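Engineer: My questions will all concern the structure given below.
The values are calculated or read from the model by the stated rules, or taken from the named source; none is laboratory data. Fair warning: this is a prediction, and the values are worked out from it, not measured in the lab. In this analysis, Cβ positions are derived from the backbone assuming ideal geometry, glycine residues included, and neighbour counts consider all displayed protein chains. Surface areas here come from the heavy atoms of the whole protein model, side chains and all, with no ligands, DNA or RNA. Shrake-Rupley method; radii C 1.70, N 1.55, O 1.52, S 1.80 Å.
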Amino acid sequence: MNHDELDCGLSQADDIVPSSGFSVSVMRRIESEAGALPPIPFPWLRAWPGICLALASLVLLATAASNSRAHSVAVPALFWALGSALVAVASLTLVFIAAKRP
Amino acid sequence: MSLTAAVDADRLCVAKVLAGDAAAFEEIVRRWQTPIVNLAWRFFRDRDRAEEIAPDVFLRAWRALPQWRGDSAFSTWLFALAVNVCRSELRRRPVLAIPLGGLPSAGADHSRSGDERDEILRRAVLTLPEKYRDAIVLFYFHDKDIGDAARTLGLPEGTVKARLSRARELLRKKLTSQWEAFR
């Protein structure tokens, strides 16, 4: 088997013709992709207040917890802590609702 | 259509698609469907698989169209993308090798035809290591134009020449005994 035989064998064109509906089926896929709605971006503008409130509540909660340990004044500190925890949960719920809405 | 006209038509279509005219992509599909299906056919030697992979090539081209910088011909970019898709698919699901010994021999009742011999040769190409297989497939796909093959592979021409030479050597070793059966 020499170079020419190999070259000749590989040069023989045995091309195929795409089936008749090929381009139509490709375009159908393209059009469905083009028509698909882009992913909804996260609504940062609406979520920011909730995020800030959540963070502030968590800081208050941490402060209250450390104060109650330091001064052993359990009752007011606990109220603070509970209040902050509630605000944190409410804020996170707000963030969740903001993210869910289109 | 001349080569320059085809290049200009591709650029125009791409510009239209990027401007939001999705239907303009159909002209690209119609112009390049035969070469892309045939490129896949050369990688798989299986019509169904070639026609299954080719739409993926166009779909990926559609998605990646904004990344085509226009510094090379659109066809070069499209063929390079097609080669990547075929490579990935072959890594995922390799072509089933038909044992050469399983084919009827020349000493049997009927002699092997030239077509059969060529088919054995083409299938042997698919059993080569990836870099040699790709060089051979693209060299013959581009009508033996080293420059086009090199551009599609994104390699220097010298590298493609070296790989072709090594690929032919491997094919000769692999097929010499089978080839003798045709004489």
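Engineer: If you add up the charges near B:Cys13, with Lys and Arg at +1 and Asp and Glu at -1, over every other residue whose beta carbon is less than 12 angstrom from its beta carbon, what do you get?
Structural biologist: Details: positive: B:Arg11, B:Lys16, B:Arg30, B:Arg31; negative: B:Asp8, B:Asp10, B:Asp21, B:Glu26, B:Glu27.
The answer is -1.
Engineer: List the GluC sites (Glu not before Pro) within region A:1-68 that fall in a DSSP loop (any state other than H, G, I, E or B) and whose Cβ has at most 15 other Cβ atoms within 10 Å.
Structural biologist: none
Engineer: Please compute the net charge surrounding B:Ile146, taking Lys and Arg as +1 and Asp and Glu as -1 over other residues with Cβ under 9 Å from its Cβ.
Structural biologist: Details: positive: B:Lys144, B:Lys161; negative: B:Asp145, B:Asp148, B:Glu157.
Local charge sum for B:Ile146: -1.
Engineer: Moving on. To the nearest whole number, what is the average tally of beta carbon atoms from other chains within 10 Å of the beta carbons of peptide A:25-36? Please list the in-between numbers first.
Structural biologist: Working: counts 3, 14, 9, 1, 5, 13, 4, 0, 4, 7, 1, 0.
What the average comes to for A:25-36 is 5.
Engineer: Using the Cα centre as the reference, give the magnitude of the dipole from point charges on the C-beta atoms of chain A (Lys, Arg: +1; Asp, Glu: -1; all else neutral), rounded to the nearest 20 debye. Let's see the in-between values first.
Structural biologist: Values: 6 positive and 7 negative charges, 317 e Å.
For this selection, approximately 1520 debye.
Engineer: Still on this structure: Which of the peptides B:34-45, A:84-95 is most tightly packed, and how do the rest follow, going by the mean number of other Cβ atoms within 10 Å of each residue? Write down the numbers at each step before the final one.
Structural biologist: On the way: B:34-45: 22.2, A:84-95: 16.0.
Sorting B:34-45, A:84-95 by mean packing, highest first, produces B:34-45, A:84-95.
Engineer: Lys/Arg Cβ at +1, Asp/Glu Cβ at -1, dipole of chain A taken about the Cα centre: which of A:Ala81, A:Trp44, A:Gly9 is farthest positive-ward?
Structural biologist: Result: A:Ala81, furthest along the dipole toward the positive end.
Engineer: Right, next: Kindly state, to the nearest 0.05, the FRET efficiency for B:Arg63 paired with A:Thr63, given R0 = 51 Å and r defined as their beta-carbon distance.
Structural biologist: Working: r = 50 Å, r/R0 = 0.99.
The value I calculate is 0.50.
Engineer: Work out the charge dipole of region B:114-183 with +1 on the Cβ of Lys and Arg and -1 on the Cβ of Asp and Glu about the Cα centre, then indicate which of B:Leu153, B:Phe141, B:Leu171 is farthest towards its positive end.
Structural biologist: B:Leu171
Engineer: Of the peptides B:20-26, B:59-65, how do they stack up when ordered by the mean number of other Cβ atoms within 10 Å, highest first? Walk me through the numbers before you get to the answer.
Structural biologist: Values: B:20-26: 14.6, B:59-65: 16.1.
Answer by packing, highest mean first, reads B:59-65, B:20-26.
Engineer: Pop a pseudo-label 7 angstrom from the Cα along the beta-carbon direction at both B:Ala24 and B:Thr159 and give the gap in nm to one decimal.
Structural biologist: 3.4 nm
Engineer: Hey, another quick one. Residue separation times 0.36 nm, minus the C-alpha to C-alpha distance between B:Ala73 and B:Ser113: what's the value? Before the final figure, lay out the partial values.
Structural biologist: Numbers: separation 40, 0.36 × 40 = 14.40 nm, distance 3.94 nm.
Full extension from B:Ala73 to B:Ser113 adds 10.5 nm.
Engineer: Ok, one more. Report the one residue of A:Ala56, A:Ile30, B:Ala5 whose Cα lies farthest in the direction of the positive end of the charge dipole of the protein assembly as shown (charges on C-beta: Lys and Arg +1, Asp and Glu -1; origin at the Cα centre).
Structural biologist: The residue sitting farthest along the positive end of the dipole is A:Ala56.
Engineer: So, R0 is 25 Å and r is the distance between the beta-carbons of B:Ser88 and A:Val17; what FRET efficiency does that work out to, to 0.05?
Structural biologist: Values: r = 25 Å, r/R0 = 1.00.
Calculated transfer efficiency: 0.50.
Engineer: List the aspartates and glutamates whose alpha-carbon lies under 17 Å from that of B:Lys161, not counting same-chain residues fewer than 8 positions away?
Structural biologist: Answer for B:Lys161, where 17 Å is the Cα cut-off: A:Asp4, A:Asp7, B:Glu130, B:Asp134, B:Asp143, B:Asp145, B:Asp148, B:Glu169, listed by chain and number.
Engineer: Follow-up. Work out the length of the dipole vector of the protein assembly as shown about its Cα centre, built from +1 on the beta-carbon of each Lys and Arg and -1 on the beta-carbon of each Asp and Glu, and round it to the nearest 20 debye. Before the final figure, lay out each step's value.
Structural biologist: Values: 37 positive and 32 negative charges, 253 e Å.
For this selection, approximately 1220 debye.
Engineer: Can you tell me the accessible area per residue over chain B, all protein chains present, probe 1.4 angstrom, in square angstrom?
Structural biologist: So chain B comes to 49 Å² accessible per residue, rounded to a whole number.
Engineer: How crowded by other chains is B:29-42, given as the mean number of beta carbons from other chains within 10 Å of each beta carbon? The partial results should precede the final answer.
Structural biologist: Values: counts 8, 5, 1, 1, 6, 5, 2, 3, 6, 6, 0, 1, 4, 4.
Mean partner shielding for this stretch: 4.
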